[in-house]
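The values are calculated or read from the model by the stated rules, or taken from the named source; none is laboratory data. As the structure is a computational prediction, the values presented were derived from the model and not from experiment. Note that each Cβ is placed from the backbone with ideal geometry, even for glycine, and that neighbours are counted across all protein chains shown. Side chains are part of the model used for accessible areas, which takes the heavy atoms of the whole protein and leaves out ligands, DNA and RNA. Shrake-Rupley method; radii C 1.70, N 1.55, O 1.52, S 1.80 Å.
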Amino acid sequence: EVQVVESGGGLVQPGGSLRLSCAASGFTFSSYWMHWVRQAPGKGLVWVSQINPDASGSSYADSVKGRFTISRDNAKNTLYLQMNSLSAEDTAVYYCARDGGSYSADYWGQGTLVTVSS
Amino acid sequence: QSALTQPRSVSGSPGQSVTISCTGTSSDVGGYNYVSWYQHQPGKAPKFMIYDVSKRPSGVPDRFSGSKSGNTASLTISGLQAEDDADYYCCSYAGSYTWVFGGGTKLTVL
């Protein structure tokens, strides 16, 4: 069974940093593009970042470019999101998702909540 | 990277059909046949419903169908059932390996 499970969320002060993890199982992780998508409280889904299977390429939404870094460890079947210079606008549930091809996400995790507040 | 435009809410009675629109630009929806749709219920992981504008993943009922005309994509749900009550999001490839989601539509099954 395909599973992706996020962790690492929590409360962080403005200007702080946090690293999210996403543990993948049930599929050959090293063969898939992976994504992070977030949802602020009461708002819609917003695409954040993606990374290719061998970690040689990645892309970001303008709102996080230069502050967030996506990475992966294929030996550990784990996806990461390093978030720096956090602000209240980054408060959201962060979802990890597998790219099923055709620029679509076929499996999603339950999300991990990041709250940026003093 | 402006969000795609969806109606905030739609509603219908069991058995009826509803259509949710998703309007973008020639740089996203209109430029690629890579529109997908997701169902999201509170506290659950989003569920993959449609890809490549109109294709259904295995396990998705054929009551769900997608289409596109110009810069607007649409999701139609026929034979509404109580379990269809959820938020629905469209998503489009937007070039340069970026994606853009719609603002979401709350479907209420009356």
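Overview of values
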quantity: Listed residues A:Y95, A:Y103, A:Y60, most fluctuating in chain A (Gaussian network, C-alpha, under 10 Å); calculated: A:Y103
quantity: Point-charge dipole on Cβ atoms (K/R +1, D/E -1) for region A:5-118, about Cα centre, debye to 20; calculated: 120 debye
quantity: Inter-chain Cβ neighbour average for residues A:93-106, partner chain, 10 Å; calculated: 5
quantity: Exposure ranking of A:V5, A:V114 by accessible area [1.4 Å probe, largest first]; calculated: A:V5, A:V114
quantity: Hydrodynamic radius by Kirkwood, which averages 1/r over all alpha carbon pairs of chain B, in angstrom; calculated: 13.7 Å
quantity: Karplus-derived 3J(HN,Hα), 6.51/-1.76/1.60, for each residue of region A:20-28, Hz, glycine and proline x; calculated: 8, 10, 9, 8, 10, 8, x, 7, 7
quantity: Per residue accessible area of the protein assembly as shown, 1.4 Å probe, in Å²; calculated: 44 Å²
quantity: Size of the B/A contact, given as accessible area buried on both chains, probe 1.4 Å, in Å²; calculated: 1900 Å²
quantity: Per residue Cα convex hull volume in Å³ - calculated over the protein assembly as shown; calculated: 111 Å³
quantity: Of all DSSP beta bridges in chain A, antiparallel share, percent nearest 5; calculated: 95 percent
quantity: Cα-based Kirkwood hydrodynamic radius, region A:1-105, one decimal, Å; calculated: 13.9 Å
quantity: Average beta carbon contacts from partner chains per residue of A:52-64, 10 Å cutoff; calculated: 1
quantity: Carbon and sulfur %, accessible surface of region B:1-65 computed with the full protein complex present, 1.4 Å; calculated: 43 percent
quantity: Paramagnetic label zone (point 7 Å from Cα along Cα-to-C-beta, B:S2; backbone N under 18 Å) in region B:74-106; calculated: B:90-95, B:99-104
quantity: Förster radius 35 Å - calculated FRET efficiency between A:N74 and B:D62, Cβ distance, rounded to 0.05; calculated: 0.45
quantity: Total lysine pairs whose alpha carbons fall under 16 Å of each other in chain B (8 or more apart, or interchain); calculated: 4
quantity: For B:T25, distant residues with modelled amide H under 5 Å away; calculated: B:G30
quantity: Shielded residues, region B:75-96 - accessible-area loss of 10 Å² or more between chain alone and all protein chains, probe 1.4 Å; calculated: B:Y89, B:Y93
quantity: Per-selection Rg to Rh, region A:2-61 - Cα, Kirkwood hydrodynamic radius; calculated: 0.99
quantity: Quarter of Cα convex hull surface for region B:43-91, i.e. mean projection, nm²; calculated: 3.9 nm²
quantity: Rounded to whole Hz, the Karplus (6.51, -1.76, 1.60) HN-Hα couplings of region B:49-66, x for glycine and proline; calculated: 10, 8, 9, 6, 6, 9, 8, 9, x, 4, x, 7, x, 6, 5, 9, 9, x
